[in-house]
Ligand SMILES: [Zn+2]
Ligand SMILES: [Zn+2]
């Protein structure tokens with residue numbers, strides 16, 4: 001699979017290294033964005049947070065669309 005954003009912008013065939021969580025487009029390292037959401041698990045008496053944050057990969061379009069509801073953004 002190749003990067004969709006590279007293809008859309010320049011018609012370039014750049015190998016993808018990840019897939020967008022929102023739209024499933026292939027993404028190269030230059031076009032992917034990563035968030036580290038906390039995972040909340042109901043445990044009967046409340047909600048616990050998993051000890052480690054998860055990882056989600058986004059394209060710029062989907063990242064912008066969901067950013068308002070997901071303040072925890074990391075560039076790592
Ligand atoms: Zn790209
Ligand atoms: Zn996307």
Practice task
Kindly provide log₁₀ I(q)/I(0) values, in the same order as q = 0.14, 0.15, 0.16 Å⁻¹, from the Debye equation applied to equal alpha-carbon scatterers of the chain.
Solution key: -0.51, -0.57, -0.62
Practice task
Starting from the Cα of residue 55, step 7 Å along the direction of its Cβ; do the same at residue 12; then give the gap between the two resulting points in nm.
Solution key: 2.3 nm
Practice task
Extending each Cα 7 Å along its Cβ direction at residue 36 and residue 19, get the distance between those two points in nm, one decimal.
Solution key: 2.5 nm
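Read-outs: derived from the displayed coordinates by stated rules, not from any lab. This is a predicted model, so every value here is computed, not measured. Note that we place each Cβ from the backbone using ideal geometry, even for glycine, and neighbour counts take in every protein chain shown.
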